[in-house]
């Protein structure tokens, strides 16, 4: 082949490779933020609230289509500190901290409800939206930023299981705790993912300044495909772990207090 032609043909290929590398780097560096809302519903309204979550999925799907959010999850609580406090966890995902803090106002939510339910008139939409909000209370809302996660291709689907572990870094150990999660615990979780014992893991840090009396500073999400994978993971013991690794694990555990662990099942998901 003529060297000049060969040189010309290489240029588009190199340009394509450069674009792919840039796109991958941008995706890897994309920041992720989440609002976790722990929802309480009175027992006589639980059946009506099941319909509400399906309504909210349609509304948040419109918000996702409009690039107002990056995703939305609805989890049913299976166990936790006190299930009388709340029964559900809603997570709204953002790629921008300003969007996270601004949230979606009522006007926007009603607008998306109209799109999701085009057969309803405005008065019916407003009533539907107001009734759904009146069913619930939110005893706890957390604004979080993801600071590290496993590299995997796990797809969130209804039926997925997750443990939400609320942590509080001990005073003076904030940096040591995050370092331990990234350098000690993340590789352990990645090994479990490779062995088919886990789907995904991430560490979140509160996105808002907190005082020393804060109940929690971090949250880890341990995600499993189903109960079978979850129980297999609980029964697993790494016999190959060295003494040095065990010491590092113990030091990491001693850098924080595990406040609560909530186990939940994914019911609805928008991506």
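Quick note: the coordinates plus some simple rules give every number you see, no bench work behind them. Given the structure is predicted, the values throughout are model-derived calculations rather than measurements. Counting neighbours? That spans all protein chains shown, and the Cβs are built from the backbone with ideal geometry, glycine included.
Below are the figures for this structure:
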| quantity | calculated |
| --- | --- |
| Residue 78/residue 126 FRET efficiency (R0 35 Å; Cβ-Cβ; nearest 0.05) | 0.55 |
| Relative contact order (percent, whole number), the range 102-253, Cα cutoff 8 Å, 6+ residue spacing | 28 percent |
| Most to least packed among 244-255, 195-206 [average Cβ atoms within 10 Å] | 195-206, 244-255 |
| Highest average packing first - 63-71, 116-124, Cβ atoms within 10 Å | 63-71, 116-124 |
| Gain on full stretching of the segment that runs from residue 45 to residue 99 - 0.36 nm per residue minus C-alpha separation | 16.3 nm |
| Cα gyration tensor category, rounded, prolate or oblate, for the range 178-271 with a/c compared to 1.5 | oblate |
| Cα pair count fraction exceeding 23 Å, expressed as % - the range 34-140 | 28 percent |
